[in-house]
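J.: So that we are looking at the same thing, I have put the structure below in structure tokens.
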Amino acid sequence: MKLIGKHVDKHGAGHVTLRPEDDEDMWHLYNLIQKGDSVRAPAIRRVQKTSSTGSIDSQRVRLNLTLEVTNVEFSSFSAAAEQSSSVDPGGSNNSAALQIAGRVIVENSHVKLGAFHTLDIEANRDVRIEKADGWDSIALSRVEEAIVPGRGAEVGAIVCGEGTAAFCLLSEHMTLVTHRISVPIPRKAASAGSSQHEKALTRFYSTLYDAFIRHIPFANPGLKAIVFASPGWVRDSVYDYMLLEAGRRSDKTLQRALREKGIKIHISSPHVHSLVEVLKSPEIVAQLKETKFAREGLALDKFHKMLATDELRAWYGPEHVILASNRGAIGTLLISDELFRASDPATRKKYVALVEEVQQKGGDAVIFSSMHESGQQLNQLSGIAAVLTFPLDIEVVEAEEKEEEEQRKRQEMEVDEKEEG
């Protein structure tokens with residue numbers, strides 16, 4: 001993402017102009033733009049003109065429209081891929097789509113004020129955003145993250161089963177399933193069946209090799225690891241075949257990439273959600289400890305371990321986490337970016353204030369991307385959790401809160417009685 005212009009005062013008022021370049025930039029914009037914001041971006045509108053003879057001429061015109069946002073929708077290639085266990089062998093270009101609907105608030109010669117329009121945000125086209133409630137710390141930090149140069153896929157992963165494989169690219173904020181293959185493998189039975197089994201496996205390995213070449217950017221210097229993950233020993237067979245086939249085809253670039261970046265990891269099931277296990281593995285942690293998605297995986301693993309061994313130090317759910325924050329007990333806050341997309345501004349402000357409070361008290365706040373498997377798992381826990389620095393009993397804290405509330409009400413009643421007297 002390129003920062004074209006930023007004019008935000010100390011109170012958060014102002015606008016930011018950004019130029020998205022890839023799918024991850026679209027995801028950043030989706031998290032930045034909210035209902036009520038003002039967005040200016042290029043659009044194509046069909047315009048009709050009536051000539052002096054009465055004939056109607058229709059043409060498509062490119063113009064810049066400014067909308068007051070009523071709805072924002074994001075869809076990624078991986079969402080479509082999840083719907084099918086098999087993808088066209090020819091492959092597809094992964095492309096995220098971002099649509100912003102709203103009412104036109106700046107009139108121009110082709111569109112009337114107040115008309116509704118939907119903007120299809122395009123790569124390499126400027127988008128100007130002005131926040132309805134001002135730019136808060138979370139929104140500004142998202143902009144800073146988005147414009148860091150040199151981002152992109154850092155891990156390529158092939159999640160394998162016998163006859164199945166999903167090709168994934170993991171970047172700072174997204175996990176994209178770029179391709180899937182499925183080849184039927186008959187059971188290894190009698191001698192004839194054994195022959196069919198071997199032929200099917202060879203076809204599977206060959207299909208996987210060709211798909212790998214198309215969908216994993218193994219020659220990219222920014223790709224730090226290529227993970228082969230599976231239950232059983234499928235990953236070893238796939239890796240060995242890839243290495244031998246690369247040698248047979250004299251593909252030295254692929255051979256070097258597999259030897260330098262290839263990592264074989266055991267997972268419990270051949271499904272994409274098992275990538276959470278991959279990110280917790282020591283091999284990946286050692287190589288990717290500074291990346292955002294590795295920190296997310298480690299933080300979630302830490303929370304689950306704490307929940308299993310010392311549940312008084314592992315809290316989740318908005319009300320309980322806020323209670324823990326009020327007592328300065330949070331060491332690590334785990335919060336999903338989904339909570340900051342709340343349509344109610346007051347709800348977003350509540351979570352922004354919580355993050356700022358935790359950081360001010362010396363705690364660490366990890367904002368999870370819901371486009372990663374770890375973020376989706378956190379969403380199943382209400383989207384917010386915390387690892388506490390000291391144990392707190394929820395029942396005791398709630399009883400104290402209730403007692404404080406009752407005492408406050410009694411004091412208010414006494415004040416009212418004195419004023420009436």
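The values are calculated or read from the model by the stated rules, or taken from the named source; none is laboratory data. The shown structure was predicted, so the numbers you read here are calculated from the model rather than taken from an experiment. For neighbour counting, all protein chains shown are included, and Cβ atoms are generated from backbone atoms with ideal geometry for every residue, glycine included. Ligands, DNA and RNA are stripped out before the accessible areas are found, and what is left, the full protein with its side chains, is counted by its heavy atoms. Shrake-Rupley method; radii C 1.70, N 1.55, O 1.52, S 1.80 Å.
J.: Choose one answer from S76, S141, S370: the residue with the largest mean-square fluctuation in a GNM of the chain with alpha-carbon springs under 10 Å.
T.: Highest fluctuation of the listed residues: S141.
J.: Oh, and also: Taking the alpha carbon gyration tensor of region 120-164, what are the square roots of 5 times its eigenvalues, largest first, to the nearest whole Å?
T.: Square roots of five times the eigenvalues give 34, 15, 13 Å.
J.: What residues have an amide H closer than 5 Å to that of V155, excluding those fewer than 5 places away on the same chain, when H is modeled at 1.01 Å from N in the peptide plane?
T.: Amide H neighbours of V155, under 5 Å, 5+ apart: L170, K224.
J.: Determine the shape class of region 200-278: with a ≥ b ≥ c the square roots of the Cα gyration tensor eigenvalues, call it rounded for a/c under 1.5, and otherwise prolate if a/b is greater than b/c, oblate otherwise. Intermediate results must be reported in sequence, preceding the final value.
T.: Working: a/c = 1.88, a/b = 1.24, b/c = 1.52.
Oblate, since a/c reaches 1.5 and b/c is not below a/b.
J.: Please check: in the Gaussian network model of the chain (C-alpha springs, under 10 Å), which one of K35, K49, K280 has the largest mean-square fluctuation.
T.: K49
J.: Something else: Looking at (1) 26.6, 101; (2) 31.6, 113; (3) 24.1, 78, which value of Rg and Dmax of the Cα atoms in Å comes from a calculation on the structure shown?
T.: Answer by label: (1).
J.: Considering only protein heavy atoms and a probe of 1.4 Å, how much of the accessible area of region 114-247 is carbon and sulfur, as a whole percent?
T.: Carbon and sulfur: 54 percent of the exposed surface of region 114-247.
J.: Take every DSSP beta bridge with both residues inside the chain and express the antiparallel ones as a percent of the total, to the nearest 5.
T.: Approximately 80 percent, going by the DSSP bridge assignments.
J.: Continuing with this model, one more query. Over all directions, how big on average is the projection of the convex hull of the alpha-carbon atoms in region 138-180, in square nanometres?
T.: 3.6 nm²
J.: For n ≥ 4 DSSP H runs only, could you compute -39500 (n - 2.57) per run for the chain, divide by its residues and tell me the 222 nm figure to the nearest 500?
T.: Details: 13 runs with 166 residues, N = 421.
Per the formula, -12500 deg cm²/dmol.
J.: Looking at region 330-402 only, what percent of DSSP beta bridges run antiparallel? Nearest 5 please.
T.: The antiparallel fraction comes to roughly 50 percent.
J.: Would you mind calculating the gained length between E107 and E419 on full extension (0.36 nm times residue separation, minus the Cα-Cα distance), in nm to one decimal?
T.: 106.7 nm
J.: Also, I was wondering about something else. Using Cα springs under 10 Å in a Gaussian network model of the chain, which residue among V234, V148, V396 shows the largest mean-square fluctuation?
T.: Ranking V234, V148, V396 by mean-square fluctuation puts V396 first.
J.: Send over a whole-number figure in Å² for the accessible area per residue of the chain, probe 1.4 Å. Write out the running numbers ahead of the final one.
T.: Working: 21320 Å² over 421 residues.
Accessible area per residue: 51 Å².
J.: For every other residue with a beta carbon closer than 12 angstrom to the beta carbon of S370, add +1 if it is Lys or Arg and -1 if Asp or Glu, then tell me the sum. Write out the running numbers ahead of the final one.
T.: Numbers: positive: R341; negative: E296, D337, E338, E373.
Around S370, the surrounding residues sum to -3.
J.: Taking all protein chains as present, what is the carbon and sulfur share of the accessible area of region 302-345, in % to the nearest whole number, probe 1.4 Å?
T.: Answer for region 302-345 is 52 percent, counting heavy atoms of protein chains only.
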